[in-house]
Amino acid sequence: MSEVTPVGVAEIRASKNSEILASYGLGSCVAVAIFDPMKKVGGLVHALLPESRGRDSGENPGKFADTGVASLVEKLIELGARRRFLRSKIVGGACMFEMPSGAWSSSGKDGRSFLSDIGRRNVEAAKQKLEELKIPLVAEDTGGNYGRTVKLNTETGDIEVNSLFHGSTHI
Amino acid sequence: MSEKKFDGVLSSVQIDALREVGNIGAGNAAIALSEMVEKRVELSVPKANLLPLAKVPALVGGPETPVAGVYLRVFGETRGSILLLLERDSAMSLADFMVNRKLGNFDDEKLRRSALKETGSIISGAYLCALSELTGLNFKQSVPAFAMDMAGAILDHVLVGHAECEDYVLVVETDFKVEGVRIQGHLILFPDLGTLSVILERLGVPIE
């Protein structure tokens with residue numbers, strides 16, 4: 001079987017060989033898989049935050065969902081994928097800690113809503129970017145309060161999602 | 001305050017100072033824990049280390065390893081957060097000790113969570129207390145939040161708050177023995193921007 005290549009936080013990987021790209025233990029992070037099923041080119045980005053908002057993401061586009069998606073698409077095109085055949089899937093964006101209300105009141109900067117909401121915002125930012133680039137979203141396994149490991153088969157676009165207490169699924 | 005560019009390398013003197021804080025903190029924690037469980041609690045000399053964020057999951061056996069995490073925000077004169085990571089088996093034994101019985105069935109899940117939250121609160125409070133005495137800085141901690149899941153997923157949450165500031169975290173490894181049962185835990189301090197240099201300065205070992 002194909003080799004497994006890990007895609008760590010803020011990393012982007014694309015491949016035109018039959019390969020398994022894996023992001024282990026996604027919490028609020030979001031993994032976006034984009035692939036061209038005809039050319040059998042696929043890739044994965046493992047983003048930590050939703051939007052770069054003009055911040056310098058030059059050296060690390062994979063840190064943000066929006067710049068990560070854009071950069072992954074470029075990489076795929078370079079590898080021979082065709083833009084109009086690209087399809088996408090999103091995994092992750094959970095909320096791991098339910099902070100009791102008031103816990104953040106003294107920490108200011110609206111810290112509470114920022115952190116407890118980050119998973120959902122990561123997913124939203126990824127979707128928005130995909131829509132902007134007109135790449136159809138064909139499946140997702142997002143939200144909840146549990147961690148996930150995602151494995152993308154770059155040849156087929158098939159994704160295996162595993163969790164500790166919420167079973168496994170293919171999308 | 002001038003922000004010194006920090007390259008992630010601490011001198012051995014600085015490591016020693018942080019380890020000493022860890023020592024005193026762990027001592028405080030052991031006393032507090034032993035009072036709660038009414039059992040003898042021994043502790044090893046903690047290891048203090050500064051690690052790049054990406055290396056943290058490896059401490060507990062990789063990003064997919066099941067762990068219990070207790071997360072607290074720290075505020076006051078300096079800011080940051082604290083995460084107590086316990087290996088799953090260690091967490092289970094610790095919870096059993098806390099409530100003084102075997103927590104076998106599912107109904108006790110809530111009790112177990114609650115016991116572990118309290119443990120996290122005690123340990124982090126003990127550490128902050130030591131840090132406060134030695135630095136003269138004032139810290140407060142939030143109520144604890146709890147999750148049992150993959151180590152990577154739990155760390156994600158904490159990383160988000162720090163991704164835009166420090167790339168290094170202070171890890172104090174604690175190794176307790178309660179009645180001969182080994183409880184392995186990692187107390188991870190995530191200082192907000194500039195906090196670590198303030199702490200080191202107060203400890204008399206500033207970043208040059």
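Largest accessible area first, the listed residues A:PHE165, A:PHE97 line up as A:PHE165, A:PHE97 when surface is computed with a 1.4 Å probe on the assembled protein chains.
Taking the Cβ of A:ALA65 as the centre, find all other residues whose Cβ is under 11 Å away and add up their charges (Lys, Arg: +1; Asp, Glu: -1). Mind showing how you got there, number by number?
On the way: positive: A:LYS63, A:ARG121, A:LYS127, A:LYS129; negative: A:GLU51, A:ASP66, A:GLU124.
Counting the neighbours of A:ALA65, the net charge comes to +1.
When B:MET36, A:MET38 are compared by accessible area at a 1.4 angstrom probe, the order from most to least is A:MET38, B:MET36.
Is there a simple number for the mean count of other chain Cβ atoms within 10 Å of the Cβ of residues in B:140-151, and what is it? Present the calculation step by step, with values, prior to reporting the outcome.
On the way: counts 2, 1, 10, 5, 4, 8, 3, 9, 4, 13, 13, 4.
Mean shielding by partner chains, rounded to a whole number: 6.
Just to make sure I understand: if all protein chains stay in place, what is the order of A:CYS29, B:CYS129, A:CYS95 by accessible area at 1.4 Å, largest first?
Values: A:CYS29 0, B:CYS129 60, A:CYS95 25 Å².
So the residues, ranked largest to smallest area, are B:CYS129, A:CYS95, A:CYS29.
Simple point charges give the picture: +1 on the Cβ of Lys and Arg, -1 on the Cβ of Asp and Glu, and for the protein assembly as shown a dipole about the Cα centre of about 740 debye.
Annotation: peptides B:152-158, A:10-16, A:62-68, ranked by per-residue average of other Cβ atoms within 10 Å with the highest first, follow the order B:152-158, A:62-68, A:10-16.
Over the protein assembly as shown, what portion of Cα pair distances is larger than 28 Å, expressed as a whole percent? I get 47 percent for the Cα pairs in the protein assembly as shown exceeding 28 Å. Under 5 Å between amide hydrogens, built in the peptide plane, is the criterion, and for A:ASP141 it picks out A:ILE90, A:VAL91, A:GLY92 among residues at least 5 positions away or on other chains. Per residue, how big is the convex hull of segment A:6-99 when only Cα atoms are used? Give it in Å³. Hull volume over Cα atoms, normalised by residue count, gives 97 Å³. Taking all protein chains as shown and a probe of 1.4 angstrom, B:LYS117 keeps an accessible surface of around 70 Å². Placing unit charges on each Cβ (+1 for Lys and Arg, -1 for Asp and Glu) gives the protein assembly as shown a dipole about its Cα centre, and among A:ASN162, B:GLN184, B:ILE82 the Cα reaching farthest toward its positive end belongs to A:ASN162. Let me test this: with uniform point scatterers at the alpha carbons of chain B, what is the Debye-based log₁₀ I(q)/I(0) at q = 0.07, 0.15 1/Å? Debye intensities relative to I(0), on a log10 scale: -0.19, -0.90. The B and A chains share an interface that buries close to 2600 Å² of accessible area, total over both sides, probe 1.4 Å.
Across peptide B:60-72, the average count of Cβ atoms from other chains found within 10 Å of a residue's Cβ is 3. Here the Karplus relation 6.51 cos²θ - 1.76 cosθ + 1.60, evaluated at θ = phi - 60°, turns the backbone of segment A:146-160 into coupling constants of 9, x, 9, 10, 10, 10, 9, 8, 5, 7, 9, x, 6, 10, 10 Hz, with x for every Gly and Pro.
Listed by chain and number, the aspartates and glutamates placed with their C-alpha closer than 13 angstrom to that of A:LYS39 are A:GLU78, A:GLU155; residues fewer than eight positions away on the same chain are left out. Within the accessible surface of the protein assembly as shown, defined with a 1.4 Å probe on protein heavy atoms only, the carbon and sulfur portion equals 48 percent. Bridgeable aspartates and glutamates around B:LYS110 (alpha carbons under 16 Å apart, same-chain partners fewer than 8 residues away excluded): A:GLU98, B:ASP96, B:GLU118, B:ASP149.
With helices defined as uninterrupted DSSP H runs, which ones in chain B have an alpha carbon span along their own long axis of at least 15 Å and mean Kyte-Doolittle hydropathy of at least 0.5? TM-like helix candidates: B:12-37.
The alpha carbons of segment A:3-170 give a radius of gyration and a Dmax of 15.7, 53 Å, in that order.
The values are calculated or read from the model by the stated rules, or taken from the named source; none is laboratory data. What you see is a predicted model; the values in this text were computed from it and never measured. Glycine gets a Cβ as well: all are built from the backbone with ideal geometry, and neighbour counts include every protein chain shown. Please note that ligands, DNA and RNA were not included when accessible areas were found on the heavy atoms of the full protein model with its side chains. Shrake-Rupley method; radii C 1.70, N 1.55, O 1.52, S 1.80 Å.
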